[in-house]
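Only the coordinates and a few stated rules stand behind these numbers; no lab work does. Remember, predicted model here, so these are calculated numbers, not experimental data. Here Cβ is always computed from backbone atoms with ideal geometry, including for glycine, and neighbour counts include all displayed protein chains.
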Amino acid sequence: MATVMDGPVVIVGGGVAGLVSAQLLQEAGAKVVVIERNDQVGGLARSMRYDGFSFDVGPHRFHTENPNVKAYLDRVLKGDATLFPRLSEVYFQGSYYRWPLHPKNLLQLPLPLALRSGVDLAINGFKEYELDTFEQYVLKQYGPTLYEHFFRGYSEKFLGIHPRETHPDWAKVGINRAIIDDKLQMQNLAQLAKSTLTQFNKVEIPFMYPTEGMQQAWQKVSAIIRAKGGRILTGTKARLEGKNGKIEHVWAGEERITPSMVIWTAPITLAMKQLNLEIPDLPYLGLLLYNVCVESDVPRKYQWCYYGEDDLIFNRISIPKFFSPATVPNAKAAGCVWS
Ligand SMILES: Cc1cc2nc3c(=O)[nH]c(=O)nc-3n(C[C@H](O)[C@H](O)[C@H](O)COP(=O)(O)OP(=O)(O)OC[C@H]3O[C@@H](n4cnc5c(N)ncnc54)[C@H](O)[C@@H]3O)c2cc1C
């Protein structure tokens, strides 16, 4: 029986999953061939250059508390990474608020809203929530007033579905992680006051970003794989050939490869189609990104700002120079508008 040490492991897709799998399998002794359809690797986490500006496919950043992932990033990026604190904001009724929402933000809100939010937080700890939807999760953390004004609109606008139909993990990985960053428990007024007055247990988890843009990370990983004899075929579409759902060969353009194992990181629907298997009905979220090169500097210093209001056709703006200044030419700025 073939093992991963015999024939090559064919990895379809040269995005993060494909490249990192290839590198780690190679370190474990396997021969690897990565097949990537695009001319450059990186997939959704790639970056592109125009006129000295570097844009990711919507700015990306590394953020992990997992020591293995952190050690891997340190090993690959070595000194070529910048570390920075979160600088995020949320735009609401003509004003900008720090994100994640901080208890101090309540003092910035229009008075009636601040009072209602304060009362919500005071009584929220006594309420029961199911925690089975995004809506329930946020209601428990922040209460109905902040949910209604900050979270409902943005989430619905961004995902295109009501927060009642959205899985609670969307809140856990996004909003809840943000709350943990500040170690704030905004579930009752006493905790709120304590946090506000003392900045109790404030912990900043820095983000990591390759100095010259995300592509630098994937160039480094590619160089490591190639230096050890691995193949990375870019501009090449992969096609699976097999019988009864079992893969026998992988075509990389005109080349037929007999793999010991295949790792498929491209859309799963494509693999099912190529193997004549039933194609799962998976919904996808479309996203339009406008990369804008700006001659002058920007008025606000945020990495990201969330715009939840219905009359604005976009939902986020991110500013790459606050990830790494080396992504823009001197004295210029750039914005990425998400729609
Ligand atoms: C706007 C945006 C911002 C994000 N920000 C972050 C962030 O800050 N931090 C974070 O951790 N994650 C972020 N993510 C998520 C992250 O980008 C993805 O989880 C990650 O890039 C997925 O990597 P992947 O390798 O699984 O898939 P992909 O990147 O989709 O890679 C699949 C690859 O397969 C290739 N392919 C497809 N068909 C074929 C074929 N027939 N033959 C050969 N190759 C093929 C594609 O070209 C692609 O390169 C963000 C995502 C988006 C969209």
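Tell me which chymotrypsin sites (Phe, Trp or Tyr not before Pro) from region 121-158 have a DSSP coil assignment and no more than 11 other beta carbons within 10 Å of their own. If you can, show how the numbers build up before the last one.
On the way: sites: 126, 129, 134, 137, 142, 147, 150, 151, 154, 158; in loops: 126, 129.
For chymotrypsin sites (Phe, Trp or Tyr not before Pro) across region 121-158 that sit outside H, G, I, E and B with at most 11 neighbouring Cβ atoms in 10 Å, the list reads 126.
First measure r as the distance between the Cβ atoms of residue 27 and residue 310, then evaluate 1/(1 + (r/R0)^6) with R0 = 41 Å and state the FRET efficiency to the nearest 0.05. Let's see the in-between values first.
Numbers: r = 50 Å, r/R0 = 1.22.
It comes to 0.25.
Could you give the size of the charge dipole of region 1-51 about its Cα centre, using +1 on the Cβ of each K and R and -1 on the Cβ of each D and E, expressed in debye and rounded to the nearest 20? Before the final figure, lay out the partial values.
Details: 4 positive and 5 negative charges, 14 e Å.
Using Cβ point charges on Lys, Arg, Asp and Glu, region 1-51 gives about 60 debye.
Does a label point 7 Å from the Cα of residue 131, set along Cα-to-beta-carbon, have any residues of region 156-174 with amide nitrogen under 20 Å, and which are they?
163-174
Search the structure for amide H atoms under 5 Å from the amide H of residue 89, placed 1.01 Å from N in the peptide plane, and list their residues when 5 or more places away or on another chain.
Distant-sequence amide H within range of residue 89: 99, 304, 305, 306.
Using amide H atoms built in the peptide plane, which far-off residues or other-chain residues are under 5 Å from residue 34 H to H?
Close amide H contacts, sequence-distant or interchain: 11, 231, 232, 233.
By how many nm would the segment from residue 330 to residue 234 grow when fully extended, if each residue of separation counts as 0.36 nm and the alpha-carbon distance is taken off? Please report the intermediate quantities before stating the final value.
Working: separation 96, 0.36 × 96 = 34.56 nm, distance 3.23 nm.
Here the answer is 31.3 nm.
How far is helix 16-27 tilted, in degrees, relative to the longest principal axis of the Cα atoms in the chain, given as a value from 0 to 90 rounded to the nearest 10?
Its long axis makes an angle of about 50 degrees.
Can you sort 46, 256 by how many other beta carbons sit within 10 Å, fewest first?
Exposure proxy ranking, most exposed first: 256, 46.
Excluding residues on the same chain fewer than 8 positions from residue 31, give the lysines whose Cα lies under 22 Å from its Cα.
Within the straight-line limit of under 22 Å, residue 31 reaches these lysines: 220, 228, 237, 246.
For the pair residue 173 and residue 226, how long in nm is the line joining their label points, each one 7 Å along Cα→Cβ?
Each label point lies 7 Å from its Cα, and together they span 3.1 nm.
Where nothing but the Cβ of Lys and Arg (+1) and of Asp and Glu (-1) is charged, how large is the charge dipole of the chain around its Cα centre, in debye to the nearest 20?
Working: 37 positive and 34 negative charges, 159 e Å.
For this selection, approximately 760 debye.
With bins 10 Å wide starting at 0, give me the P(r) of the chain over every alpha carbon pair, in whole percents.
5, 20, 27, 24, 16, 7, 1, 0
How many nm is it between the label spots at residue 66 and residue 256, if each spot is 7 Å from the Cα in line with the beta carbon?
Result for the modelled spin labels: 3.8 nm.
Using the count of nearby Cβ atoms within 10 Å as a rough guide to exposure, how do 9, 16 rank from fewest to most? The partial results should precede the final answer.
Numbers: 9 23, 16 20.
Ranking 9, 16 by Cβ neighbours within 10 Å, fewest first, gives 16, 9.
Only helical DSSP H runs with n ≥ 4 go in: add -39500 (n - 2.57) per run for the chain, normalise by residue count and round the 222 nm mean residue ellipticity to 500 deg cm²/dmol. Write out the running numbers ahead of the final one.
Values: 10 runs with 99 residues, N = 339.
It comes out at -8500 deg cm²/dmol, rounded to the nearest 500.
Rounded to the nearest 5, what % of the DSSP beta bridges within the chain are antiparallel ones?
Of those bridges, close to 70 percent are antiparallel.
Apply the Kirkwood formula to region 219-290: the hydrodynamic radius equals the inverse of the mean of 1/r over all pairs of different alpha-carbon atoms; give it in Å with one decimal. List each step's numbers first, then the result.
On the way: mean 1/r = 0.0686 Å⁻¹.
Hydrodynamic radius (Kirkwood, Cα only) of region 219-290 equals 14.6 Å.
Please list, or write none, the lysines whose alpha carbon is within less than 18 Å of the alpha carbon of residue 332, excluding same-chain residues fewer than 8 places away.
Within the straight-line limit of under 18 Å, residue 332 reaches these lysines: 301, 321.
Cα axis of helix 67-77 to longest principal axis of the chain: angle in degrees, 0 to 90, nearest 10?
The two axes meet at around 60 degrees.
For residue 273 paired with residue 39, estimate the spin-label separation in nm (one decimal), with each label point 7 Å from Cα along the Cα-to-Cβ line.
According to this spin-label approximation, the distance is 2.4 nm.
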